[in-house]
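The values are calculated or read from the model by the stated rules, or taken from the named source; none is laboratory data. Since the model is a prediction, treat every value here as computed from it, not as a measurement. Cβ placement follows ideal geometry from the backbone for every residue including glycine, while neighbour counts extend to all protein chains displayed. Just so you know, the surface numbers come from the protein's heavy atoms only, side chains and all, with ligands and any DNA or RNA stripped out. Shrake-Rupley method; radii C 1.70, N 1.55, O 1.52, S 1.80 Å.
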Amino acid sequence: SQTIHQWPATLVQPVGSPLSLECTVEGTSNPNLYWYRQAAGRGLQLLFYSVGIGQISSEVPQNLSASRPQDRQFILSSKKLLLSDSGFYLCAWSVTSGMNTEAFFGQGTRLTVV
Amino acid sequence: GEDVEQSLFLSVREGDSSVINCTYTDSSSTYLYWYKQEPGAGLQLLTYIFSNMDMKQDQRLTVLLNKKDKHLSLRIADTQTGDSAIYFCAESSGRYGNKLVFGAGTILRVKS
């Protein structure tokens, strides 16, 4: 069966510090991978998605970047965090069967920038 | 472009039915989804409907799709306190490479 691992679960970082959130998927190959941010407990915003190794699409201009060094690994990074980067970050993967795209989410990382 | 909108908040009494509404703009949407997010957790798929269907029922859940009006609803019968969560509507189409587009979520609060 497929599983998705996202860590850490919570993170408190000072303003200006770097960030690296990691997400890995098991049990599937060549998945689409996503990073979402959820601010203030609601409102899911798509940040990045990837359809293959090294292929990253950015949905909104921001202080963050994403990389996919391996097929089932997706990393969210920042060189210098801002207060506005605080939020709940969710990694997800999806598989498309025909035109049906079902997504599976990790448990999320609660990031607080202080 | 793609856009999905939902009502922000719904409060119901335990045992009543809940109806959460969603509208979308992409007429080429092929599948529409309902996800549930419990506090501090990721999203879980509740149900989905193919765009050529009008209704889908799964136990206490009923999904209605009005493709002409681009309106999707989720009805939860006999709502329980454990149904309190945020419910997200989402749509996908081949136009955007099967990318899922989510609404902002509807907070459902069930009062006992």
Being surrounded by fewer than 21 Cβ atoms within 10 Å (Cβ to Cβ) and under 10 Å from the mean Cα position of the chain (by Cα) is the filter here; which residues of region B:72-92 pass it?
B:Ser73, B:Arg75
When residues of region A:63-75 are filtered for being in contact with a helix residue (DSSP H, G or I) (Cβ under 8 Å, 6 or more places away or on another chain) and closer than 16 Å to A:Leu90 by Cβ, how many remain?
1
If a residue has to be more than 7 Å from chain A (Cβ to nearest Cβ), touching a residue at least 40 places away in the same chain (Cβ under 8 Å), in a loop (DSSP other than H, G, I, E, B) and not acidic (Asp, Glu) to count, how many in region B:27-47 make the cut?
4
Among (1) crowded, with 18+ Cβ neighbours inside 10 Å; (2) on the phi > 0 side of the Ramachandran plot, where does B:Cys22 come up short?
(2)
Looking at the structure I just gave you, is A:Leu44 out of contact with any Lys or Arg (no Cβ under 7 Å at 6 or more places or on another chain) and either under 28 Å from B:Ile107 (Cβ atoms) or outside any strand (DSSP E or B) (or both)?
yes
Quick one: is B:Val101 closer than 21 Å to B:Leu8 by Cβ and either touching a Pro at 6+ places or on another chain (Cβ under 6 Å) or within 14 Å of another protein chain (Cβ to nearest Cβ) (or both)?
yes
When B:Asp54 is run through (1) over 11 Å from the mean Cα position of the chain (by Cα); (2) surrounded by 13 or more Cβ atoms within 10 Å (Cβ to Cβ); (3) more than 14 Å from chain A (Cβ to nearest Cβ), the failure sits at (2)
Filtering region B:8-31 down to residues that are modelled with pLDDT under 85 and of a type in the set (Ser, Thr, Tyr) yields B:Ser27, B:Ser28, B:Ser29, B:Thr30
Going residue by residue through region B:4-18, is there one that turns out to be in contact (Cβ under 8 Å) with a residue 60 or more places away in the chain, open to solvent by 70 Å² or more (accessible area, probe 1.4 Å) and within 11 Å of chain A (Cβ to nearest Cβ)?
yes
Region A:1-27, subset part of a loop (DSSP other than H, G, I, E, B) and within 12 Å of A:Tyr89 (Cα to Cα), residue nearest to the other protein chains (Cβ to nearest Cβ)
A:Ala9
